[in-house]
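Worksheet: the structure to be examined is printed underneath.
The values are calculated or read from the model by the stated rules, or taken from the named source; none is laboratory data. On a predicted model such as this, the values are computed, not experimentally measured, just so you know. Using ideal geometry, Cβ is built from the backbone for each residue, glycine included, and neighbour counts are taken over all protein chains shown. Keep in mind that these areas ignore ligands, DNA and RNA; they rest on the heavy atoms of the full protein, side chains included. Shrake-Rupley method; radii C 1.70, N 1.55, O 1.52, S 1.80 Å.
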Amino acid sequence: MLTLFDLERFEGKAMTNFTGIFQTRFGTVSMIQRGRNVVGDYSDRGRIEGKIAPGTARLEGTFTNGTRTGRFSFTRTADGFDGVWGWNNATPRSEWDGTLVKDERPHLSNAYYEGTYETDFGPVRLKQDRQAVWGDYGDKGTIDAQFDESSGILRGTFTNGETKGRLEWDLTPGGFEGLWAWRDERPEHRWNGTKVAWNTPVLSTYPNQDIVNDRHDRALLVFSSLAISPNDWNWLYEFLDDQGITQAMEKLRRSYATIIALKDRQASLRNIISNLRKLATDTQIREIDMIVHCHGFKSGALRLASDNGTGFSDVSGEKLEGELKNLGIGDRLRMVYSTACWGAKTAPFFIQGGFTCASGAVGVNTNAGTEYPDFLNRWRRGEGFRWSVEQAYEPITSAASDAFASTIMGFSDVNSKKKVFGNSTININSEEETRHARAS
């Protein structure tokens, strides 16, 4: 069978997609490509930074290994890359080949600005979460910036006492070269830095060390209605209702501009649809994700609170799909993660209703206590949806919880294994044009 690489090669085009995780003789190399620019991690040793030569499949750049630097040249192949490397400015000659093991956008830990620098104007300590960079400008003020992967430039603001300025920095193998200016002037004055420590610094001036600034265009709706119908296990379902909301708020509150939580009687179909419509009216929100905690059935139906506020209502998958379609916001709807039993029966209705991807359990779902928090952590870090779902599933603990539900709780058809539907390569940072382009 021909691969995409083979087809492009036969058409005389160069294969230039370096986004993914590659296994090499020197450890894992994880890279992200935007245009011709590529940044990445060299295992836990350092970072990769390079640019693809025009009209070729050759990536050339620099890497760091602790305090040492080197040069490399990678040529993309059907199953990875053929490469060479050398220390410092020596011509790369030593073999460094890689095999592609994941073609999803990886979470990078070494590639960007986190660390401590000695600069032209004193020490700078920086932390980073995805594209957001923030930290201390000595004891003078703070830094808030965004890393632009397409240009490789960090742009943002700094404070010096009561005065505010702008900065533009560009990474180098040993630190950064940059410019600055006061207030809204164009940065023209030199501000260079040398990296003196790679470890995560302790911030003393910055008021909130955990702030994330790249979340303004996405929102999350999470609802939980497990305890709305009488059941011998309601004490457990009430606990799970609380945890379903709490875990999402605690782990994702810095990753979304808006999180709407609907619990118990609030979790009706009318409220769910109404709040999705409300989020879509915000022109700043481009991506809407949803997390589902409720009872599910083999038919694909979900048990939600009734619209009149009393009792419950079993909503068919067809009804759910129709309501979502009627919203007309399929270009905003992105991910659905569900802990419902037989969620794999409901997931296709979410996809047909407009969501880009969805997941759900094959049978009765019992492993939410361990799988759900792990999924949230992985999704928050920028790992792909399918990867996050599959890696969060622990066979040993899931087998134990499935056995407990079957033998002690008396459930049949217990199977917590998840299926994933739709364009499952997307991650928390994927935008509308990206996720639909990949799906087509």
Accessible carbon and sulfur surface of the chain relative to its total accessible area, %, 1.4 Å: 48 percent
Within the chain, helix-based [θ] at 222 nm, where runs of 4 or more DSSP H residues each add -39,500 (n - 2.57), nearest 500: -7000 deg cm²/dmol
Gyration tensor verdict on the stretch 247-365 (Cα atoms; rounded if a/c is under 1.5, prolate if a/b is larger than b/c, oblate otherwise): rounded
ASN17-THR172 pseudo-label distance in nm [points 7 Å out on the Cα-to-Cβ vector]: 3.6 nm
The stretch 11-107: relative contact order as a whole-number percent, Cα under 8 Å and 6+ apart: 27 percent
Separation in nanometres of the label points that stand 7 Å from Cα toward Cβ, at ARG270 and ASP120: 6.3 nm
For the stretch 284-440: rounded, prolate or oblate by the Cα gyration tensor [a/c cutoff 1.5]: oblate
Cα-based Rg and Dmax for the chain, where Dmax is the largest Cα-Cα distance (Å): 24.3, 74
Rounded accessible area of THR397 (nearest 10 Å², 1.4 Å probe): 60 Å²
List LYS127, LYS419, ordered by accessible area with a 1.4 Å probe, largest first: LYS419, LYS127
Solvent-accessible ranking of ARG334, ARG125, ARG270, largest area first, probe 1.4 Å: ARG270, ARG125, ARG334
Efficiency of FRET from Cβ geometry, ASN377 and ASP307, R₀ 41 Å, rounded to 0.05: 0.75
Per residue value of the accessible surface for the chain (all protein chains in place, 1.4 Å probe), Å²: 45 Å²
